[in-house]
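Encoded as structure tokens, the structure appears first; notes follow it.
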Amino acid sequence: MPSPEPDISATAKALADRIEALPPHDGRRLIAIAGAPASGKSLLSGVLATTLTHRGRTARVIPMDGFHLDNKVLTARGLLPRKGAPETFDAHGFIALIKRIKRGGEVIYPEFDRSRDLAIAGAAVLDADCDTAIIEGNYLLFDEPPWSELKPLWDLSVWIDTPMEVIRARCIQRWLDHGHSQQDAETRAEGNDLRNAKRIAGAQLPADMVLRE
């Protein structure tokens, strides 16, 4: 695997320093990496987990994508074109998972299979010895119920502040990479991804750290 870009590595090291300086407490440390679609949450979370592991910690990345509602449910509710919006997730189920993770012990959780566009129950295991869970997702600092219940659970929250024009370009490229035409990619990005990004930006709770691109 190629080495991460120097700025990502430096950012991850700074975040690791901040995490290691947190006061000790019982249970796991929960680190929230939040941002709009295509803001780089997954990349940063992965590099941060690797950085912490190299420092002797046990860290694991847990995306919120496993809590997408199934397409059958979304279709029945008329929400399939808005997949990825706050109301297209099992928010209460996700919040319950985060509370379980914070308490410690082994936790089994769902994962999202992007190639099949569906969530798979019981697909991943968080080992009992994991001391730092890095949660990444769009709505971790979202000031709408029930999502706002998450804020007090984070030991450290990070917001990736990405310009809308960058988000648009990345989302279009993402859809192109999935085999869509230029027109369809632009329609999907502007009709759903950017709508979600603007909604998040308009109801964002304060983060402990803000990373600006």
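The values are calculated or read from the model by the stated rules, or taken from the named source; none is laboratory data. Every value quoted in this text rests on a predicted model; they were computed, and no experiment measured them. Note: ideal-geometry Cβ built from the backbone for every residue, glycine included; neighbour counts use all protein chains shown.
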Any residue in the range 139-153 that is in contact (Cβ under 8 Å) with a residue 40 or more places away in the chain sitting within a Cβ distance under 8 Å of a residue that is of a type in the set (Ser, Thr, Tyr) and assigned to a helix (DSSP H, G or I)? List the pairs, counting only those 6 or more apart or interchain. PHE142/SER148
Within the range 3-55, which residues are without any contact (Cβ under 8 Å) to a residue 40 or more places away in the chain, assigned to a loop (DSSP other than H, G, I, E, B) and surrounded by 17 or more Cβ atoms within 10 Å (Cβ to Cβ)? none
Have a look at ILE167, ILE160 and point out the one that is in contact with a Ser or Thr (Cβ under 6 Å, 6 or more places away or on another chain), outside any loop (DSSP other than H, G, I, E, B) and closer than 19 Å to GLY202 by Cα. ILE160
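Residues checked against (1) of a type in the set (Lys, Arg); (2) part of a loop (DSSP other than H, G, I, E, B); (3) buried (at least 18 other Cβ atoms within 10 Å of the Cβ); (4) at pLDDT below 95:
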| residue | (1), (2), (3), (4) |
| --- | --- |
| HIS92 | no, no, no, no |
| GLU111 | no, no, no, no |
| SER115 | no, yes, no, yes |
| ALA119 | no, no, yes, no |
| ALA123 | no, no, no, no |
| ALA128 | no, yes, no, no |
Residues in the range 186-213 that are among the small types (Gly, Ala, Ser), farther than 24 Å from ILE8 by Cβ and in contact (Cβ under 8 Å) with a residue 24 or more places away in the chain: how many? 2
